[in-house]
Amino acid sequence: MPAIALAAQSRSASRAWKHAHRRAAVTNPVRSPLSNAPSTPALSLAAGVFTFPAAKQAVYAGTTLLTVGDRDDAARAVQESSYALQLYEAATPANRSTGDILAARLDLGRAYLLHDDIDGLTDQLDVVLAVPQVRRTASIVKRAASIGETINQSRYADSPQVKQIRAEIASFCAPPPALPPAPTMGLAGCGRD
């Protein structure tokens with residue numbers, strides 16, 4: 001099965017909450033960087049223009065593993081998301097996806113939170129929350145907001161560090177300010193004196 005189909009299968013199963021299908025799609029030996037089975041040349045040729053970069057596959061795998069929700073899968077999500085970041089760091093700038101890089105960092109942060117590692121979460125959020133507003137997609141803002149909601153309901157909610165994180169996430173997720181109205185030049189500027 002082509003890599004793009006595997007990733008789509010993984011994401012689709014994740015949305016449908018089909019636990020067994022999610023795991024099967026993510027751990028398929030053709031695509032999983034955690035397996036020792038390499039991708040076949042026939043698979044690469046079959047994909048053609050619809051190739052699905054290994055880094056993007058790893059981002060989707062990390063997200064899917066976090067959706068499963070247990071601690072073992074969170075540990076594997078850290079591996080997948082870290083692998084995605086390694087691949088994107090090694091890629092040429094033209095082949096990097098800011099959205100995928102931010103998604104992988106947010107997935108790492110969420111996985112660290114599942115393991116009660118607030119410092120690990122903070123390290124990932126520091127990078128994401130520093131991104132200029134023009135680079136923030138709705139998906140990234142939604143993921144960051146979700147982490148904010150999760151830590152707000154955690155046992156760490158009252159800690160000063162988490163309160164600071166929540167404030168930074170709220171600022172990050174705030175809608176951009178409205179643009180001021182364009183100045184009008186009146187009739188004098190239109191040649192009608």
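Details
- Between D70 and A167, the contour length at 0.36 nm per residue exceeds the Cα-Cα span by 32.2 nm.
- The residues of the range 44-161 expose, per residue, 51 Å² of accessible area to a 1.4 Å probe.
- Entry note, the range 96-193: relative contact order of 24 percent, from Cα contacts under 8 Å with a spacing of 6+ residues.
- Report note on the peptides 175-181, 140-146, 106-112, 158-164: ranked by the mean count of other C-beta atoms within 10 Å, highest first, their order is 106-112, 140-146, 158-164, 175-181.
- Rolling a 1.4 Å probe over the protein heavy atoms of the range 81-176, with every protein chain left in place, gives an accessible area that is 52 percent carbon and sulfur.
The values are calculated or read from the model by the stated rules, or taken from the named source; none is laboratory data. Bear in mind that the values here come from a model prediction, so they are computed numbers and not experimental data. Please note: Cβ atoms are built from the backbone with ideal geometry, for glycine as well, and neighbour counts cover all protein chains shown. With ligands, DNA and RNA removed, areas are computed over all heavy atoms of the protein, side chains included. Shrake-Rupley method; radii C 1.70, N 1.55, O 1.52, S 1.80 Å.
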